[in-house]
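Below: one structure, written as structure tokens.
The values are calculated or read from the model by the stated rules, or taken from the named source; none is laboratory data. Fair warning: this is a prediction, and the values are worked out from it, not measured in the lab. A quick note on method: Cβ atoms are made from the backbone with ideal geometry, for glycine too, and the neighbour counts reach across all protein chains shown. What goes into the accessible areas is simple: the full protein's heavy atoms, side chains included, and nothing from ligands, DNA or RNA. Shrake-Rupley method; radii C 1.70, N 1.55, O 1.52, S 1.80 Å.
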Amino acid sequence: MLITTGWPHGRRTLLGALAAAAVRAEPAAAQPTGWSPSRPVRIVVPFAAGGVADLTVRTVGNRLSERIGQPVVIDNRPSAGGIVAAQQLLGAEADGHTLMAATNGTAISRSLFRNLPFDPLRDFTPVVTLGAFPIVVLVKPDGPRDLAALLARMRAEPGRLNIGTIAAGSTQNLSAELFKIRAAIQAETIAFPATPQATTALLRGDVDAVFEISAPVLGQIRAGAVRAVGVTTATRAATLPDVPTAAEAGVRDYDVASWNALVARIGTPPAVTEAMNRAVNDVLADPATRDALAGQGIEVQGGTQQAMGELLRTDTARWAEVIEKAGIERQ
């Protein structure tokens, strides 16, 4: 049983290693897992309902509920930096009945916010990586034919072209900043409140390209309203197999995937988090779960707690460097 509560609606290489570590598939039915919650399990999501993180957690939570024999409550607590969600997690007992959805934003928050009341590297216990999805480089239907052509134009007209993303400090925004660094180009990055504003600006010609995660723009890409000329991951995306990578356009040392994961609060017994990891990996290995997530443009990951922790540490260090080099103001 999946229950909703909370506020109103409102590097591929490493990730590939996580996916390879995923455990065996078993039917998602109530079975012994070593993790035996005595009451409903709450998963706090630091975003409003309807986003990619929320959809991922709901898909997994529904199957997980069947497996552990307890309701899974999805508790949406959106706020800047995921602060409210983290406070909910850290204020709960460390007994395995409360988890939190962690994302790239969790790794970014450590460097983006001056007075963050928690430390993602010290206050959370990694459980498992759930899914990953690329960021797509979009142009107008009549824009540059491919990413190489877009780069050639940007290099020919340094500083005259611009890139649209959602909010400053978001994964999309920082991936564009890292792209400029790796590609050695000069272009202004313009942040919009949300995806619709960014894609509208693209179609109006206010920006020359948009960096956005694949899930919310797949429909527009497939309808021909916008054109995908590149993905930010080291290998092509399963959802967009005909779209080349940035590496294929000559951009080296550039591999960015957005991801979702589950964490517990520090102090949760290792036996409990290990059992959580096994239970969620079994859910992720189920074909029904994989198909449901693939339909949302999400590639299932899974894997060990250690791999999820390494992903969080690696991304925390990487985005700290990008924030400093790009001169992004801390909030």
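What trypsin sites (Lys or Arg not before Pro) does the stretch 201-304 have in DSSP loop regions with at most 11 other beta carbons within 10 Å? All intermediate terms of the calculation are to be shown ahead of the outcome.
Values: sites: Arg204, Arg222, Arg227, Arg236, Arg252, Arg265, Arg278, Arg290; in loops: Arg236, Arg252.
For trypsin sites (Lys or Arg not before Pro) across the stretch 201-304 that sit outside H, G, I, E and B with at most 11 neighbouring Cβ atoms in 10 Å, the list reads Arg252.
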*Given the chain, what percent of its DSSP beta bridges are antiparallel, to the nearest 5?*
55
*Using the Kirkwood radius built from alpha carbon pairs, what does the Stokes-Einstein equation give as D for the stretch 104-190 at 4 °C and 1.567 mPa s, in µm² per second?*
85
*Count neighbours as other Cβ atoms within 10 Å of each site's Cβ, and list the chymotrypsin sites (Phe, Trp or Tyr not before Pro) in the stretch 87-191 that are DSSP loop with at most 15 such neighbours.*
none
*Would you tally the net charge around Pro120, using a Cβ to Cβ cut-off of less than 11 Å, leaving Pro120 out, and scoring K and R as +1, D and E as -1?*
0
*Report, in deg cm²/dmol and to the nearest 500, the calculated mean residue ellipticity at 222 nm for the chain, where each DSSP H run with n ≥ 4 adds -39500 (n - 2.57) and the sum is divided by the residue count.*
-12000 deg cm²/dmol
*When only DSSP loop residues count, what trypsin sites (Lys or Arg not before Pro) in the stretch 43-145 have their Cβ near at most 11 other Cβ atoms within 10 Å?*
Arg114, Arg122, Arg145
*asked:* Keeping every protein chain present and rolling a 1.4 Å probe, give me the accessible area per residue for the chain in Å².
replied: 39
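Quick one: length gained pulling Lys325 to Ala225 fully straight, 0.36 nm per residue minus the C-alpha distance?
Between Lys325 and Ala225, full extension yields an extra 32.6 nm.
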*At 1.002 mPa s and 20 °C, Stokes diffusion of the stretch 221-288 via Kirkwood alpha-carbon radius, µm² per second*: 139
*Convex hull of Cα atoms in the chain, direction-averaged projection (nm²)*: 15.3
